[in-house]
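A quick write-up on the structure given underneath.
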């Protein structure tokens, strides 16, 4: 990386000894980006901004929070009522967690659609999956800190699941609790980990960005950049585009914070935690609902009891993403050129929404049946369908370069479902 010639003497002196300005100029200013990125690519940078907002609002809240079972709920109320702008920080943090997950889910499914996990971007994908896994742990522990009825019983139910692990389950649960029940040591552990894990996320995000800038960004066509005609510098083109997306996001964020801050919260969580009163129906935050539906949907599988099978399926629902770069056997990245895969991608999206809806219902009757069917399809999609489509699907022809469809527009015939399976042209 050639050193940039800076006009300012102080900057030039620092950069000669510690080239942070040259690195920033290369990575944030002249870094080559594909010319055809659409607004779906905004959600990665938006998620990064939310992570910063969540971290700083969390530090503010930690200054006022009391991690004690007798004071936790009251300290949250005190932040809301007595601390200057405490209500704002609390609502920003609470709403930000939901929007953070929404942006990350969109970012992940954009990766599924455009094949951003395929060679040579496997490490970028794996670090992204690891970020999501740590996010889930951080969000769960933060939800418990409110110490309302739903928080307490969600902690009790979820941590109890580890007892299903043969041999070491009881020891893991006892360590998480810090005793033999969800109590003060549990709250202290969760508070410490909830404060620590965001900094772990920052470290993984750094690795994610290094991997991304090493292999370059994917694009909607899934075709690598062939030359300077396919690329433009990151600034000002994508900084402006990101600011447009960020402005729209900030508007939605502000509306939720100032007008509907509790729209996604469960009413029972505004009641102080009571170990002697079990809620009629325990419902986690919306971003955990699909996993909660999977957990409750799995029955006994031979010698494996339903509780252990559900735990395996719940964690497996995320862990299977780590294998997607190798499960998808197609050489074509973008779903724009994979008509059959595109259909099944949208089936997967609907399937995940159905799982989320079932996770909010009682696990009985028709809801349990739908949950089991949706869970079966979820794993079928990744474990069976992805490898199979690579062999039976005939993708549409790929353009030679990113710029060619713009300079020489061509409208190829779009094969139907049956044609795509049985014939067509291989790129």
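The orientation-averaged projected area of the convex hull spanned by the Cα atoms of region 286-364 comes to 6.6 nm². The three principal axes of the C-alpha atoms in region 121-253 carry coordinate ranges of 64, 38, 22 Å, sorted with the longest axis first.
Summary of the geometry: region 1-48 and region 196-239, compared by the centres of their Cα atoms, lie 12 Å apart. All distinct Cα pairs of region 258-407 go into the 1/r average, and the inverse of that average, the Kirkwood radius, is 18.2 Å. Computed on region 34-278, with alpha-carbon pairs under 8 angstrom and 6+ residues apart, the relative contact order is 33 percent. Annotation for region 126-194 versus region 262-299: alpha-carbon center distance of 14 Å.
Rounded to two decimals, the Cα radius of gyration of region 34-278 over 2.2 N^0.38 Å is 1.16.
Pair-distance distribution of region 55-99: all C-alpha pairs, bin width 5 Å, starting at 0; shares per bin in whole percent are 5, 25, 33, 23, 12, 2, 0. Overall dimensions of the chain, expressed as equivalent-ellipsoid semi-axes from the Cα gyration tensor (√(5λ), whole Å, largest first), are 39, 32, 19. Prolate is the label for region 44-122, because a/c, from the alpha-carbon gyration tensor with a ≥ b ≥ c as root eigenvalues, is 1.5 or above and a/b exceeds b/c. If the Kirkwood radius is taken over C-alpha pairs of region 1-52, then at 4 °C and 1.567 mPa s the Stokes-Einstein diffusion coefficient equals 98 µm²/s.
Here is how the number arises for the chain: DSSP H runs of 4 or more residues each give -39500 (n - 2.57), the sum is divided by the residue count, and the result at 222 nm is -20000 deg cm²/dmol. Legend: translational diffusion of region 189-285 by Stokes-Einstein, Rh = Kirkwood radius over C-alpha pairs, 10 °C, 1.306 mPa s; D = 84 µm²/s.
Every number in this text was worked out from the coordinates using simple rules, so none of it is lab data. As the structure is a computational prediction, the values presented were derived from the model and not from experiment.
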